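Asker: Sharing a structure here in structure tokens format.
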Amino acid sequence: MVTPVSAAANGYTPTVSGTESSSDTKSTTLNYESFLKLFVEQLKNQDPTEPMDATAQMAQLATFSQVEQTVKTNSNLESLLQRTSLQEADSVIGRTVTSEDGKISGVVKEVTLYTDGIVATLESGEKLVIGPGVKVKQTADE
């Protein structure tokens, strides 16, 4: 049985993708293409006199399949979250919103959608993050 070859030992540095939200939190993950490159490098650099055990190879292929499905699931989840955020943003336009502490209140003129939330611009020009504790109600003329 051949021990896995280190990608760094062969001069290969995997590409790491990260995401950054407005709160500057960073998440680093090994992406789908990097996983595939590492697997191919391992196959290229195995000892021909002692090839990789078929069971180990099947386990890696199964892992590869799981990574592929996870990438697809994340993409679908991101799309769903975006649609939900757009619906939420649309639902507050023209309504009266009040901050949790009651200091900011007014009718929503427009909304701006960010990756981590929605900011409502009121008719007065004030801005309010739509989040926990914010009250949303219909205006008097609805």
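None of the figures in this text is laboratory data; all of them are computed from the coordinates on show. Keep in mind that what you see is a predicted model, and the values were worked out from it rather than measured. Cβ sites come from the backbone with ideal geometry, for glycine too, and all protein chains shown count toward neighbours.
Asker: Nearest 0.05, what FRET efficiency do residue 33 and residue 73 give at R0 = 22 Å with Cβ-Cβ as r?
Answerer: So, using R0 = 22 Å, E works out to roughly 0.85.
Asker: Taking the inverse of the average 1/r across all pairs of different Cα atoms in the range 26-127, what Kirkwood radius in Å do you get?
Answerer: Working: mean 1/r = 0.0555 Å⁻¹.
Here the Kirkwood hydrodynamic radius works out to 18.0 Å.
Asker: Pick out, from 111, 91, 128, the residue whose Cα sits farthest towards the positive end of the charge dipole of the range 91-137, with +1 on the Cβ of Lys and Arg and -1 on the Cβ of Asp and Glu.
Answerer: It is 91, whose Cα lies furthest towards the positive end.
Asker: Now for a separate question. What lysines sit close enough to residue 137 to cross-link, taking a C-alpha to C-alpha distance under 28 Å and skipping anything fewer than 8 places away on the same chain?
Answerer: Answer for residue 137, where 28 Å is the Cα cut-off: 103, 109, 127, listed by chain and number.
Asker: Per residue of the range 61-66, in order, report the coupling 6.51 cos²θ - 1.76 cosθ + 1.60 (Karplus, θ = phi - 60°) as ³J(HN,Hα) in whole Hz, putting x for Gly and Pro.
Answerer: 5, 5, 4, 4, 5, 5
Asker: Restricting attention to the range 51-113, which trypsin sites (Lys or Arg not before Pro) occupy a DSSP loop and are surrounded by at most 11 other Cβ atoms within 10 Å?
Answerer: Details: sites: 72, 83, 95, 103, 109; in loops: 95, 103.
Counting only loop positions with at most 11 other Cβ atoms within 10 Å, the trypsin sites (Lys or Arg not before Pro) in the range 51-113 are 103.
Asker: Going by amide H atoms built from the backbone, whose H comes under 5 Å of the H on residue 95, apart from near neighbours?
Answerer: Long-range HN contacts for residue 95: 108.
Asker: With θ set to phi - 60° and the Karplus curve 6.51 cos²θ - 1.76 cosθ + 1.60, what are the ³J(HN,Hα) couplings of the range 47-58 in order, to the nearest whole Hz, using x for Gly and Pro?
Answerer: 6, x, 7, 9, x, 4, 4, 4, 5, 5, 5, 5
Asker: Strictly greater than 17 Å: what percent of every Cα pair in the range 91-137 meets that? Can you show the working numbers first?
Answerer: Working: 198 of 1081 pairs.
Here the long-distance tail beyond 17 Å is 18 percent of all Cα pairs in the range 91-137.
Asker: Restricting attention to the range 75-128, which GluC sites (Glu not before Pro) occupy a DSSP loop and are surrounded by at most 12 other Cβ atoms within 10 Å?
Answerer: Numbers: sites: 78, 88, 100, 110, 123, 126; in loops: 100, 123, 126.
Counting only loop positions with at most 12 other Cβ atoms within 10 Å, the GluC sites (Glu not before Pro) in the range 75-128 are 100, 123.
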